[in-house]
Amino acid sequence: MRMTEWPKRVCSLLRFCVPGLAFACIHGARASDVTLGIIGPHEYDLPVDFSPFNVLVQYGDGNAAGNTYDSGGARRPTGGSHTWSGMTKYVHFRSFDAIPHVGFAFELIQTESFTLANGTNFGGLGGTIVGPAAWFKPNKHSTFGFQTFMQTPTATQANIATNYWLNISSFIFDYEWDHFSFDGDAGAVTGSTKHVRGDDSFRPGVNFYTNLRFSWKATKLIEPFFALDWQNATGTYNNTKRHYIDDSNSREVALGTGIMFNISKHYSFTVRYSHSVEGRNTPESNAYYIKFVYLW
């Protein structure tokens, strides 16, 4: 393995975009950004049969959604918002002699969020995300696995709390060529029933998503890449009034480009810009992403 490949292989398994996870918030402005849209190239280019190691990741994500897609898919210059998100994540990677040729990871993530919309602003610590992932390598060039995570319903501000538990699960894959790589995921986000004292009871819709990354290994230091993100959320159901909320289903497709910098075997830095190309009942994505990884 080349020294410059090591940071790619240990990039954290999951890059949650906080607004994307809160897709079913009922009373606030619907957030844009596709679930797991933060992932970069080599996200799932992971080793097996290795000694335990740790990763610390700090993320930043900003989205200036000046337009909104209506129920017919037309862009309207209203209803947008500006969001900023951060995540501080610790990941422990390990393998077990009793389960050869399979890798495992456990993640603990604390999210942060800030929103500016309709003349108001609010922010704070969001939900905490925890969960495992496991993978194997069908051959030396490829990786395939599964990950599942839970997000808590609480936050330091009522405006950014979901008030229900979320499960985020997906299949993950990666394939490596000498000068190119292709990886991504496909999965769903499901939520428990939302109960808030004095309010109706809601059942959030299911959010299906996929994130694909295709990169060119231009040099040992620089790796440009192309990103495609898609999600489709089913409608939110009002259990108390026994009907679906109007226009609560949504869809979005976003395309983007970025660069990954493999600084050393312990550090990497990734930047990307993405924009919606199609949507329904959601603010457009006009987003930038940064990611800093430290391995020890």
Worksheet item: For the range 3-295, what is the charge dipole size about the Cα centre, in debye to the nearest 20, if Lys and Arg each add +1 at the Cβ and Asp and Glu each add -1 at the Cβ?
Response: 240 debye
Worksheet item: Suppose R0 equals 45 Å; then what is the FRET efficiency for ARG251 and ASN139 from their Cβ-Cβ distance, rounded to the nearest 0.05?
Response: 0.80
Worksheet entry | Amide H contacts under 5 Å for GLU284, placed H, 5+ residues apart | ASN67, THR68, TYR69
Item to complete: Bin width 5 Å, alpha-carbon pairs only: give the P(r) of the range 93-248 as whole percents, running from 0 to the bin holding the largest distance.
Response: 2, 8, 12, 14, 17, 16, 12, 8, 6, 4, 2, 0
Item to complete: Over the range 182-232, consider all pairs of different Cα atoms and compute the Kirkwood hydrodynamic radius from their mean reciprocal separation; express it in Å, one decimal.
Response: 14.0 Å
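Order these by the 10 Å Cβ neighbour count, fewest first: ARG76, ARG213.
Details: ARG76 12, ARG213 25.
The order, fewest Cβ neighbours first, is ARG76, ARG213.
What length, rounded to one decimal in nm, is gained on full extension from ARG76 through to PHE146, with 0.36 nm per residue of separation minus their alpha-carbon distance?
21.4 nm
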Fill in: the chain, Cα convex hull volume normalised per residue, Å³
122 Å³
Worksheet entry | Spatially proximal aspartates and glutamates relative to LYS265 (Cα-Cα < 18 Å; intrachain offsets below 8 disregarded) | GLU5, GLU43, ASP45, GLU223
Response to the item:
Percent antiparallel among DSSP beta bridges confined to the range 47-192, nearest 5, equals 100 percent
Worksheet entry | Convex hull volume per residue in cubic angstrom - Cα atoms of the range 230-296 | 113 Å³
Item to complete: Can you tell me the dipole magnitude for the range 78-221 around its Cα centre, using point charges on the Cβ only (Lys, Arg +1; Asp, Glu -1), in Debye to the nearest 20?
Response: 60 debye
Worksheet, complete the sentence: For VAL55, VAL130, ascending order of other Cβ atoms within 10 Å (fewest first) is VAL130, VAL55
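No lab work stands behind these numbers, since they all come straight from the coordinates. The structure presented is a predicted model; accordingly, all values stated were derived computationally and were not measured. Reconstructed Cβ throughout: ideal geometry from the backbone, glycine too, with neighbour counts over all protein chains shown.
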